[in-house]
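Asks: The following block contains the structure, expressed as structure tokens.
The values are calculated or read from the model by the stated rules, or taken from the named source; none is laboratory data. Just so it is clear, the structure is predicted and the values come from calculations on it, not from any experiment. Don't worry about glycine lacking a Cβ; one is built from the backbone with ideal geometry, like all the others, and counts go over all protein chains shown. All accessible areas refer to the heavy atoms of the entire protein, side chains included, with ligands and DNA or RNA removed. Shrake-Rupley method; radii C 1.70, N 1.55, O 1.52, S 1.80 Å.
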Amino acid sequence: MSGHSKWATIKHKKAALDSKRGKVFTRIIKEIMIAARNGGDVDANPRLRTAVLAAKGVSMPSENIKRAIMRGTGELEGGQIDEIMFEGYGPGGAALLVNTATDNRNRTVSEIRHMFSKNGGNMGEQGSVAWMFERKSQIIVDAEKADENTIMNLALEAGADDVRDQDGAWEILSPPEAHEAILQTLEKAKIPNESAEIAMIPKNTVKLEGKNAQAMQKLYDALDEHDDVQNVYGNYEVDEAEVLA
């Protein structure tokens, strides 16, 4: 088991708050809609199957899932959504990837660019920072839902690379191809997840301190709270006490 990542800890705590205000549901619904464009058959569409498993992991009602699939396939209106990945740098030189799902590309580009510049960052060209990250399955489980031995045994047997202790949560990292198997294993064990995604995990991290740490967290919060933003990935670590000071 690897060590702590303060950035992931804060992300986990924000995810818990997001779930209370329904933002997790909104993000998963958008993912289901995007995935369903390649077909509404869960058995024949791996991305949709993964999205539906993630929805079930956060106890999303089946009717919500059904409507999202129908919007994605065009059976219901409202499924015209584009995916855009933004790249850039924040305070202290930290690299950021911002994954968005939007029904208005021009608006989203303008607003994300403004957030970077307003909060001490700058947008980069495509490919400018993506090479610093790698695609991995990332599943977050509340530590109160499973003990260390249980989560380790289940995750590693299902194909996980690593399970990290994140101060109140387990972060399960694995190759993308093991994502579905781990979700199914957790579902069979009746262990809910707080979030489940194919994420961009930094290969290395930089430590931010003082004003840079606080400014970076301010930029992260601004991006994360935007309605079109699905995920924000960073290659930095901060001390929680510094950003909450």
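The rows are residues; the columns are (1) of a type in the set (A, V, I, L, M); (2) in a helix (DSSP H, G or I); (3) touching a Cys at 6+ places or on another chain (Cβ under 7 Å); (4) more than 15 Å from GLY57 (Cα to Cα).
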| residue | (1), (2), (3), (4) |
| --- | --- |
| MET200 | yes, no, no, yes |
| ASN212 | no, yes, no, yes |
| ALA215 | yes, yes, no, yes |
| LEU223 | yes, yes, no, yes |
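Asks: May I ask you to say which residue of ILE172, ILE191, ILE198, ILE182 is touching a helix residue (DSSP H, G or I) at 6+ places or on another chain (Cβ under 8 Å), open to solvent by 50 Å² or more (accessible area, probe 1.4 Å) and among the aliphatic types (A, V, I, L, M)?
Replies: Exactly one residue qualifies, and that residue is ILE198.
Asks: Let me ask something additional. Out of all the residues in the stretch 183-198, which are of a type in the set (S, T, N, Q) and in a strand (DSSP E or B)?
Replies: Listed by number, the list holds a single entry, SER195.
Asks: Condition test on LEU208, is it open to solvent by less than 40 Å² (accessible area, probe 1.4 Å) and within 21 Å of GLU237 (Cα to Cα)?
Replies: Considered against the rule, which asks whether it is open to solvent by less than 40 Å² (accessible area, probe 1.4 Å) and within 21 Å of GLU237 (Cα to Cα), LEU208 comes out as yes.
Asks: Identify, from the list GLU180, GLU171, GLU237, the residue that is assigned to a helix (DSSP H, G or I) and acidic (Asp, Glu).
Replies: Residue meeting the stated conditions: GLU180.
Asks: Right, next: At least 2 residues that are modelled with pLDDT of 90 or more and open to solvent by 60 Å² or more (accessible area, probe 1.4 Å) in each: list the strands (runs of 3 or more DSSP E) lying fully within the stretch 58-145 that qualify.
Replies: Output list reads 82-89, 133-142.
Asks: Looking only at residues that are among the acidic types (Asp, Glu) and within 19 Å of the chain's Cα centre (by Cα) in the stretch 136-183, which one is nearest to ALA54 (Cα to Cα)?
Replies: It comes out as GLU180.
Asks: While we're here: Filter the stretch 219-233 for residues that are over 16 Å from PHE25 (Cβ atoms) and crowded, with 18+ Cβ neighbours inside 10 Å and give the result.
Replies: Result: LEU219, TYR220, ALA222, LEU223, VAL232, TYR233.
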